[in-house]
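Student: Before I ask anything, here is the structure I am working with.
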Amino acid sequence: MLKHALLAAAVSGALAAPSYAVSSQELTQLGQGLDLTYSVIDNQQDEWRTFKGVISLTNDSTTALPSSGWAIYFSHIRMIKPLATDTLKVSHVNGDIFKIEPTASFSPLAPGQSLDIEFLSEFWQVAKTDVMPNWYLVSDSGDTALIVSTSNTINGEVPTKPGEELPFVSDFDTELQWKRYGGSITDFYDPFTAADRYAKNSDLSKIADAKGVIPTPASISFGEGELTIDPSWVVVYDNGYQTQAEFIAKQFGLTAAPWSPNQSKVIHVGWGQVTIDGKAKWEEAYELSVSAAEEKIEINAVDAAGALYAAQSLIQLTDNGTVPEASIADAPRFAYRGLSIDAARNFRSKESVLELLDQMAAVKLNKLHLRLSDDEAWRIEIPELPELADVGSKRCHDLTETTCVLPFLGAGPDGTAESNGFYTQADYKEILAAAKALSIEVIPEVDMPGHAHAAIKAMDARYEKFAAQGDLVKANEFRLSDPDDTTEYLSVQMFTDNAMNVCMESTYNFVDTVVGSLVALHQDIQPLKTFHFGGDEIAGAWKDSPVCQAFLADNSHGISTIDELSQYFVERISAITANHNLDLGGWEDGLMHNNKVYPRGEMVNALVTGNAWQNIWEWGVADRAYNLANNGYGVIYNQATHFYFDHPHEPDPEERGYYWAPRFTDTRKSFGFMPDDLYANADFTRAGAPITKEEVLNAAGVKTLERPENVLGLQGSIWSETIRTEAQFEGMTFPRAIALAERAWYSASWEAHDADGKLVDEAARNAGYNQFANLVAKNIMPSLEEGGIAFNLPVPGGIIEAGVLKANSAFPGLAIEYSVDNGQSWQAYDTNQAPAVTSALIRTVSGDRSSRVAEVK
């Protein structure tokens, strides 16, 4: 009977290829023709708890969007509530991936018809870049099609300026759209007007013939004369300083040769003791002397780094080959002066990192903290575990995540050049070699046990591969998850499965293998000193894992509760890294639980450092840095309020970046950080309300820094959720990273303040910033522009007074242009010949680039 039934079915066509509600061709047509618009309607409709938005679809294709057989997948950084309609439903897939699909009540959307999908979502969205690009259609056959109207390209080109990206996101025109809070909480932030900026910049002025070096030397003085370096000059060097001499020779187009006596027209690079304020300096210190009479430049440095930094100061002093007479004695304030680069959320290419290293060295930053993994991707080749790169470095629409991870952060169905990629062993070695030559230490971070979705899925794929071959021993060797774990949790970034299982021995096999591979990779170029394990934002996994229940029941481990597992994990990581003769680094929350610091004595590394980051003043957690330092940990101030460069430059919906800590961070704020008294930096809550040092102290459990010697330095971080292109990355990093370098290198006299945190001399800080801003505009920005670095161009300020346009910039000397014909033509603005206007548009410019435009009226 079965044979005859099958034959009959075949004859009737029942075994032919299945038919789907949406064909591949129709799906492509819909992807090209659906006009999708995303609009925020009201961020205050439920105080701050939820916001209202609408997704509008207009079918401009020739194909109807049918009643079934399709779904729209998209990235959304806030949890969406169930829809108040019976025709569509929204589902959370994982992380920031959601899908919208029709119910049985959905009617086809015919060509020419439109549909509004109203929704509620958690918290708020007050900036365009909160919305992720590259939404896509998926048919019931599994075909995909990008919804082109949501692409982050314009005419096929990736834009580089704010406001040109995300054309499908509606403007934020009202307070309900650009303010986060309503009701019982006041959001004090509005987008800056031209007049606001003009007032902010009003104490700045251009300094004629500004002289100096950034970061500011410990001691610098200038003479009356100057000399000119021409091709007849030679760079000579003592033993051990050839590399630095050759660096200088390359910059000036000269030759380098071993030192010989009685020479003029020489730049001499050699060893010399450096004394500042009567104290000998033994690391990274230098003296630089420029003598016009002797036609000689003398560099004495205590080590290779000091010689390199002397060279960087000399380059800044030089203007078209002319160098003023000067005498500098210099050494850093902190030994640790770093940048943390998130290469995981969106990839930073090898070429981008090499360019960054050059710019870091130019301002004497010496630590590159390179984050190589996160939930969304794995970025370093580990030969022993090829799946990490093969699977974990790519994003695409594979719901099983066996060939790639899901297309988080708007990567689209096939991923993008920014979402996909990893450093090969050869790439990483090239980065290490470049860093070594520039006296920059590379500190790799592999985040664990949280933020590990990509690694977990890669090791699951490895499991499946070997399990299919019948080799369960090999399949389980590096597995990071308990397949029977039913724990329900949600990470900050809405992942349900991003925590390595700390009760499985295979997790520690994985860690040891990765650490060992990194040690070997560094060994012959720049021996690895510190492994950074991350440790941040663990989402509370393991509670319902049978493996963990068995682990806790085994008294041999010395722990019996879920709460103790995080500390156990860190102690195991400490032992693994110590066995490789490494120091250990982690984020502050990786070294404590419930604000209780793990005992330093249980960490066997010679040095364990914590990056102190979460200092939202009103939350009462600003004491974590002091807590760690007082308990014996090395501390790096990585404060989100001042040094998170993924935050916007201004509180404007058109500005790029998240804003969960401060609403914005400009260069002047980073410049004004005072490391010697952390609480004295308290200024505003994240809603913009003033807050005092006294209020922060009252909320702090640890009120004083008892072991200041454990504060090792400063670091800025550039997280990349909203940063896709290289131009965007450079614009978020610079010039703010220059202000970080200034504070990490130089201790300014204006930092003196009273017990309440109030500056003794506010005018001195303003004058200090004016000098800094002038030198950045004069010395640093032209060099950045020449090097192809798309640093941020601040929007200028402007007013019309007595019919005359007055305009200024946060960086005096940066060129300003104005237009009186609505941007059809632009003219250079000259303060001394200010034009008479009734209204105008203004912008700052550098090379072919320009800032956002401001209207003055």
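Student: For Ile72, only one of the following conditions fails: (1) over 29 Å from Glu721 (Cβ atoms); (2) among the β-branched types (Val, Ile, Thr); (3) under 30 Å from the mean Cα position of the chain (by Cα). What is its number?
Tutor: So Ile72 meets the others, but not (1).
To keep it simple, each residue is scored yes or no on (1) assigned to a loop (DSSP other than H, G, I, E, B); (2) under 16 Å from Arg736 (Cα atoms); (3) not polar (S, T, N, Q).
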residue	(1), (2), (3)
Asn627	no, no, no
His642	no, yes, yes
Glu650	yes, yes, yes
Pro653	yes, no, yes
Gly657	yes, yes, yes
Arg663	yes, yes, yes
Asp676	yes, no, yes
Ala680	no, no, yes
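Student: Consider region 827-857. How many of its residues are farther than 24 Å from Ser205 by Cβ and free of Cβ contacts under 8 Å to residues at least 24 places away in the same chain?
Tutor: 1
Student: Take the residues of region 142-184 that are modelled with pLDDT of 95 or more and of a type in the set (S, T, N, Q): which is farthest from Phe74 (Cα to Cα)?
Tutor: Thr174
Student: Mind checking which residues of region 33-69 are at positive phi and either surrounded by fewer than 18 Cβ atoms within 10 Å (Cβ to Cβ) or under 32 Å from the mean Cα position of the chain (by Cα) (or both)?
Tutor: Let us first name the residues in region 33-69 that are at positive phi, namely 47, 69.
Scanning region 33-69 gives a single hit, Glu47.
Student: Restricting to region 75-91, what's the tally of residues that are more than 26 Å from the chain's Cα centre (by Cα) and touching a residue at least 24 places away in the same chain (Cβ under 8 Å)?
Tutor: Within region 75-91, the subset more than 26 Å from the chain's Cα centre (by Cα) is 81-91.
From the residues that got through so far, the ones that are touching a residue at least 24 places away in the same chain (Cβ under 8 Å) too are 81, 83-85, 88, 90.
So the count comes out to 6.
Student: Continuing with this model, one more query. Restricting to region 75-89, name every residue that is assigned to a loop (DSSP other than H, G, I, E, B) and closer than 21 Å to Leu490 by Cα. Before you say what the answer is, go through the steps one by one.
Tutor: Step one: list which residues in region 75-89 are assigned to a loop (DSSP other than H, G, I, E, B), which gives 77-79, 81-87.
If the condition is that a residue be assigned to a loop (DSSP other than H, G, I, E, B) and closer than 21 Å to Leu490 by Cα, then Ile77, Arg78, Met79, Lys81, Pro82, Leu83 are the ones that fit.
Student: What number of residues within region 466-487 satisfy the criterion of being in contact (Cβ under 8 Å) with a residue 12 or more places away in the chain and either surrounded by fewer than 14 Cβ atoms within 10 Å (Cβ to Cβ) or part of a loop (DSSP other than H, G, I, E, B) (or both)? Walk me through it before giving the result.
Tutor: First pass over region 466-487, keeping only residues in contact (Cβ under 8 Å) with a residue 12 or more places away in the chain: 475-482, 484-487.
Subset that is either surrounded by fewer than 14 Cβ atoms within 10 Å (Cβ to Cβ) or part of a loop (DSSP other than H, G, I, E, B) (or both): 477-482, 484-487.
So the answer is 10.
Student: Specify which of the listed residues (Asp230, Asp203) is closer than 30 Å to Pro796 by Cα and either surrounded by fewer than 15 Cβ atoms within 10 Å (Cβ to Cβ) or over 34 Å from the mean Cα position of the chain (by Cα) (or both). Talk me through it step by step, then tell me what you get.
Tutor: Working: Asp230 fails: closer than 30 Å to Pro796 by Cα.
Result: Asp203 is the single residue among Asp230, Asp203 that is closer than 30 Å to Pro796 by Cα and either surrounded by fewer than 15 Cβ atoms within 10 Å (Cβ to Cβ) or over 34 Å from the mean Cα position of the chain (by Cα) (or both).
Student: Among the residues of region 105-116, is there at least one that is aromatic (Phe, Trp, Tyr), under 23 Å from Ala411 (Cα atoms), assigned by TED's automatic domain parsing to the domain that holds Thr62 and part of a loop (DSSP other than H, G, I, E, B)? Walk me through it before giving the result.
Tutor: Step one: list which residues in region 105-116 are aromatic (Phe, Trp, Tyr), which gives 106.
In the following step, the residues that additionally are under 23 Å from Ala411 (Cα atoms) were identified as none.
No: zero hits.
Student: Inside region 801-833, can you point out the residues that are in a loop (DSSP other than H, G, I, E, B) and surrounded by fewer than 16 Cβ atoms within 10 Å (Cβ to Cβ)?
Tutor: Keep residues of region 801-833 that are in a loop (DSSP other than H, G, I, E, B), which gives 802-803, 809-815, 820-826, 829-830.
Across region 801-833, the qualifying residues are Ala802, Gly803, Asp821, Asn822, Gly823, Gln824, Ser825, Asp830.
Student: While we're looking at this one, here's another question. So, in region 280-290, exactly how many residues are in contact with an Asp or Glu (Cβ under 7 Å, 6 or more places away or on another chain) and either small (Gly, Ala, Ser) or more than 16 Å from Phe334 (Cα to Cα) (or both)? Don't jump to the end; show me each part of the working.
Tutor: First pass over region 280-290, keeping only residues in contact with an Asp or Glu (Cβ under 7 Å, 6 or more places away or on another chain): 283-286, 289-290.
Going one step further and asking which of them are either small (Gly, Ala, Ser) or more than 16 Å from Phe334 (Cα to Cα) (or both), we end up with 285, 289-290.
Summing the residues that are in contact with an Asp or Glu (Cβ under 7 Å, 6 or more places away or on another chain) and either small (Gly, Ala, Ser) or more than 16 Å from Phe334 (Cα to Cα) (or both) in region 280-290 gives 3.
Student: In the set Phe478, Phe466, Phe495, which member is aromatic (Phe, Trp, Tyr) and under 23 Å from the mean Cα position of the chain (by Cα)?
Tutor: Phe495
Student: Right, next: Based on this model, can you work out whether Glu283 counts as of a type in the set (Asp, Glu) and either touching a strand residue (DSSP E or B) at 6+ places or on another chain (Cβ under 7 Å) or not in a loop (DSSP other than H, G, I, E, B) (or both)? Talk me through it step by step, then tell me what you get.
Tutor: Values: of a type in the set (Asp, Glu): yes; either touching a strand residue (DSSP E or B) at 6+ places or on another chain (Cβ under 7 Å) or not in a loop (DSSP other than H, G, I, E, B) (or both): no.
No.
Student: From the list Pro546, Pro527, exactly one residue is exposed (fewer than 15 other Cβ atoms within 10 Å of the Cβ), more than 31 Å from the chain's Cα centre (by Cα) and not aliphatic (A, V, I, L, M). Which is it? Walk me through how you get there before you give the answer.
Tutor: Numbers: Pro527 fails: more than 31 Å from the chain's Cα centre (by Cα).
After ruling out the rest, the residue left standing is Pro546.
Student: Condition check: assigned to a helix (DSSP H, G or I), of a type outside the set (D, E, K, R) and crowded, with 24+ Cβ neighbours inside 10 Å. Does Ala454 satisfy that? Steps first, answer last, please.
Tutor: Working: assigned to a helix (DSSP H, G or I): yes; of a type outside the set (D, E, K, R): yes; crowded, with 24+ Cβ neighbours inside 10 Å: yes.
Yes, satisfied.
Student: Mind checking whether some residue in region 258-267 is in a strand (DSSP E or B), over 35 Å from the mean Cα position of the chain (by Cα), buried (at least 16 other Cβ atoms within 10 Å of the Cβ) and of a type outside the set (S, T, N, Q)?
Tutor: Just the residues of region 258-267 that are in a strand (DSSP E or B), to begin with: 258, 266-267.
Pick out the ones that are also over 35 Å from the mean Cα position of the chain (by Cα) and you get 258, 266-267.
Then keep just the ones that are buried (at least 16 other Cβ atoms within 10 Å of the Cβ); that gives 266-267.
Checking the rest, the ones that are also of a type outside the set (S, T, N, Q) come to 266-267.
Yes, some residue in region 258-267 is in a strand (DSSP E or B), over 35 Å from the mean Cα position of the chain (by Cα), buried (at least 16 other Cβ atoms within 10 Å of the Cβ) and of a type outside the set (S, T, N, Q).
Student: Further question: Restricting attention to region 114-139, which residues are more than 29 Å from the chain's Cα centre (by Cα) and of a type in the set (Ser, Thr, Tyr)?
Tutor: Applying the first criterion (more than 29 Å from the chain's Cα centre (by Cα)) to region 114-139 yields 114-119, 137-139.
Across region 114-139, the qualifying residues are Ser114, Ser139.
The values are calculated or read from the model by the stated rules, or taken from the named source; none is laboratory data. Here the structure is a predicted model, which means the values were calculated and not measured. A quick note on method: Cβ atoms are made from the backbone with ideal geometry, for glycine too, and the neighbour counts reach across all protein chains shown.
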